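Engineer: I'd like to ask some things about the structure below.
The values are calculated or read from the model by the stated rules, or taken from the named source; none is laboratory data. Since the structure is predicted, the reported quantities are computational estimates derived from the model, not experimental observations. Every residue, glycine among them, receives a Cβ derived from its backbone with ideal geometry; neighbour counts consider all protein chains shown. The area values use the complete protein model at the heavy-atom level, side chains included, leaving out ligands, DNA and RNA. Shrake-Rupley method; radii C 1.70, N 1.55, O 1.52, S 1.80 Å.
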Amino acid sequence: WHQKYLWCVISFSLHLSPISDTNTRISSMASKVLVVGSGVIGLRTALELLRKNVRVCLISPKTPTNVSTTSMGAGGLWMPFHCDDTRVDGWALSTLDELTTQHASSDRNVEVVPKVSFKRQLMEPPTWSKSSFLQFQQLDVDSLYKYASQNNMRLPRRETIGNAGYTHAWLFHPPIVDAPNALDAMLQEIKMHKHANFIDVETNKYFKTMNEIVTEARALGCDGVVNCTGLGSRALCLDEALVGARGVLLHYDRYNPSLWREASKDDTHLKDSAVTIEEKPYGSETTPCYMIPRGDKLVVGGTYLVGDEEECVRESEREMLLRNAQTLGIDTANNDPVGEWVGFRPYRSSVRLEIDNDLTQSGMRVVHNYGFGGSGWTVYVGAAKEAASLITRT
């Protein structure tokens, strides 16, 4: 069973218009904004503007839930991942606040689960771990499995972890977003908003330059643009710092009662956990071993391969993913994946979330909002709020 998911990168031959004054600003706030891109960053940016009573147009070549979009295929786990910008923690904590509020209000698209990252030694906790909601702990493996037994957590076999030399773990409780359903919910909210002026997320049109987008914005009566095109910005903005970080996944039916190797009547009460291993022998920085319960799927990964443009899951990668699934407890001999996915995370060493002075001098305020690597679902609220602030700033 095979599905091929693909994020399109647009080739181009045109160049941006000459720059006359890189320090020029427009003083008035944008009153009608064109948001380009309908991944999680674009949708949440459009929503933030609408909630500020700014009129919004939203366009994208494909719907948010098209299988080619990176946001749709993502695991949806809140955890800063391969996004090195110093602003990430602020954006991530803003997102965490909104997700925890949604979870408290019984939003079906947000689930909070235990998250375990296995380590070979004691590690300094990340800066974002200070949030009280996360209940972050660093435990030795024996203490972790004692905690798991007391709290009905499902984890890989104890001997699988111990025999491989993992001695410690981070344990915390992040939200996980059911990405496909959450994207659709955001789109529906946008369409129903009174200030949504024009929504077309199936244009099948790929812009070649930012100047073309500015022209489109003027035709729609907009005086502002937010570029949320993700990896497409490499071509649009001549941005060679932006590269694709290729990820591969297998999907399993989360609610299959015979999915687990040690399934029995006694373990039906166990709670799913998200598990990641980024150290050998089971994982590495470029080939992390992980499992994320997302909606009705278990997402098993993976890779983080910068610059790799292969559009299909290689056979060697499929074998690696099956080994990962088995390591994490899935009975792979008797359960086939229900799907597989390839996507290209838009990685940039420094996120581009800023006013474009080169284009803004033409009378159209332009803000770029892209380059979040593997952290789109972790930072999307905070990033959207900052982008909306920049485009509406007087």
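Engineer: S362 versus (1) among the polar types (S, T, N, Q); (2) in a helix (DSSP H, G or I); (3) farther than 30 Å from V112 by Cβ: which is the lone unmet condition?
Structural biologist: It fails just one condition, (2).
Engineer: Please indicate, with yes or no, whether at least one residue in the range 8-31 is assigned to a loop (DSSP other than H, G, I, E, B), out of contact with any Gly (no Cβ under 6 Å at 6 or more places or on another chain), at pLDDT 90 or above and open to solvent by 10 Å² or more (accessible area, probe 1.4 Å).
Structural biologist: Checked against the condition, which is being assigned to a loop (DSSP other than H, G, I, E, B), out of contact with any Gly (no Cβ under 6 Å at 6 or more places or on another chain), at pLDDT 90 or above and open to solvent by 10 Å² or more (accessible area, probe 1.4 Å), the range 8-31 yields at least one hit.
Engineer: For the condition among the acidic types (D, E), assigned to a helix (DSSP H, G or I), open to solvent by 30 Å² or more (accessible area, probe 1.4 Å) and farther than 30 Å from V36 by Cα, what is the one hit in E124, E159, E189? It would help to see each step written out before you state the result.
Structural biologist: Working: E124 fails: assigned to a helix (DSSP H, G or I); E189 fails: farther than 30 Å from V36 by Cα.
Unique residue meeting the criteria: E159.
Engineer: For A245, work out the one condition from (1) surrounded by fewer than 18 Cβ atoms within 10 Å (Cβ to Cβ); (2) closer than 28 Å to S131 by Cβ; (3) in contact with a Phe, Trp or Tyr (Cβ under 9 Å, 6 or more places away or on another chain) it doesn't fulfil.
Structural biologist: It is condition (1) that A245 fails.
Engineer: For a quick check of your reading of the model, give me the residue pairs whose first member lies in the range 109-131 and is free of Cβ contacts under 8 Å to residues at least 12 places away in the same chain, whose second is in a loop (DSSP other than H, G, I, E, B), with beta-carbon atoms closer than 8 Å and at least 6 apart or on different chains.
Structural biologist: That search, which allows pairs on different chains as well, returns K130/F136.
Engineer: Related question: With the requirement that a residue be assigned to a loop (DSSP other than H, G, I, E, B) and over 23 Å from the mean Cα position of the chain (by Cα), what does the range 50-64 give you?
Structural biologist: Those that are assigned to a loop (DSSP other than H, G, I, E, B) and over 23 Å from the mean Cα position of the chain (by Cα): K52, N53, V54.
Engineer: Among the residues of the range 61-90 satisfying the criterion of being among the small types (G, A, S) and surrounded by fewer than 21 Cβ atoms within 10 Å (Cβ to Cβ), which is modelled with the highest pLDDT? Show your work before the answer.
Structural biologist: In the first step, residues of the range 61-90 are kept if they are among the small types (G, A, S); the result is 68, 71, 73-76, 90.
Adding the requirement that they be surrounded by fewer than 21 Cβ atoms within 10 Å (Cβ to Cβ) leaves 68, 90.
On the way: S68: 84, G90: 96.
Only one residue tops the list, namely G90.
Engineer: Which numbered condition trips up A46, out of (1) buried (at least 17 other Cβ atoms within 10 Å of the Cβ); (2) out of contact with any Leu (no Cβ under 7 Å at 6 or more places or on another chain); (3) aliphatic (A, V, I, L, M); (4) modelled with pLDDT of 95 or more?
Structural biologist: Of everything listed in (1) buried (at least 17 other Cβ atoms within 10 Å of the Cβ); (2) out of contact with any Leu (no Cβ under 7 Å at 6 or more places or on another chain); (3) aliphatic (A, V, I, L, M); (4) modelled with pLDDT of 95 or more, A46 misses just condition (2).
Engineer: Being open to solvent by less than 70 Å² (accessible area, probe 1.4 Å) and under 11 Å from G37 (Cβ atoms) narrows it down to one residue among V214, V226; which is it?
Structural biologist: V226
Engineer: Filter the range 127-149 down to the residues that are assigned to a helix (DSSP H, G or I) and within 22 Å of V88 (Cβ to Cβ), then identify the one that is most open to solvent (accessible area, probe 1.4 Å).
Structural biologist: If we filter the range 127-149 for residues that are assigned to a helix (DSSP H, G or I), which is where we start, we get 127-130, 132-134, 141-149.
Remaining after also requiring within 22 Å of V88 (Cβ to Cβ): 127-130, 132-134.
Numbers: T127: 93, W128: 21, S129: 16, K130: 174, S132: 107, F133: 69, L134: 0 Å².
Among those residues, the one meeting the criterion is K130.
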